[in-house]
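The values are calculated or read from the model by the stated rules, or taken from the named source; none is laboratory data. Bear in mind the structure is a predicted one, so any value in this text is a computation, not a measurement. Note: ideal-geometry Cβ built from the backbone for every residue, glycine included; neighbour counts use all protein chains shown. Quick note on the areas: whole protein, heavy atoms, side chains included, nothing else; ligands and nucleic acids left out. Shrake-Rupley method; radii C 1.70, N 1.55, O 1.52, S 1.80 Å.
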Amino acid sequence: MVDDGYTPSESETFMNERQRDYFRRKLLAWKEDILRESRETLVALQTENENHPDVADRASSETDRAIELRARDRQRKLIAKIESALGRLDDGTYGYCEETGEPISLKRLDARPIATLSVEAQERHEKRERVYRDG
């Protein structure tokens, strides 16, 4: 990611052009990192020698492969969320809570640029999930 030393500040107009550019660059860099890791994993999986004469080695290798593929599936879903966030940047809804329409704090967006809910809305959402799961 190109770091020009800029960090979004609460004292600025929310989601001004500089903030939108900052988050766009952050999202694109994150996506590129995930894609690079995926390419490296594919190469490793393709070049790994599967000639394990020992049953335990073969089982261990298969377990490692399954774990790696599950991780890649999670990353594929993460890329979809990054794409969605980039779409929200394009349509002007990025940074606003999907539930309340209020701005999501810059601190939260900086930590989790794909966030779609404010901390308060996320907590309500998680509390409802716990009630349904435990109930």
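Data table
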{"quantity": "Qualifying positions in region 76-135 - among the β-branched types (Val, Ile, Thr) and outside any helix (DSSP H, G or I)", "calculated": "Thr93, Thr100, Ile104, Ile114, Thr116"}
{"quantity": "Tally of residues being of a type in the set (Lys, Arg), open to solvent by 90 Å² or more (accessible area, probe 1.4 Å) and at pLDDT 95 or above across region 81-135", "calculated": "3"}
{"quantity": "Matching residues in region 28-56 - criterion: being more than 30 Å from Ile82 (Cα to Cα) and either among the small types (Gly, Ala, Ser) or modelled with pLDDT of 75 or more (or both)", "calculated": "Asp54, Val55, Ala56"}
{"quantity": "Residue check, Glu10 of a type outside the set (Ser, Thr, Tyr), assigned to a helix (DSSP H, G or I), under 30 Å from Leu117 (Cα atoms) and open to solvent by 50 Å² or more (accessible area, probe 1.4 Å)", "calculated": "no"}
{"quantity": "Residue in region 62-69 that is surrounded by 12 or more Cβ atoms within 10 Å (Cβ to Cβ) and outside any helix (DSSP H, G or I) present", "calculated": "no"}
{"quantity": "Filter pass, Ala44 being loosely packed, with under 13 Cβ neighbours inside 10 Å, assigned to a helix (DSSP H, G or I) and more than 13 Å from the chain's Cα centre (by Cα)", "calculated": "yes"}
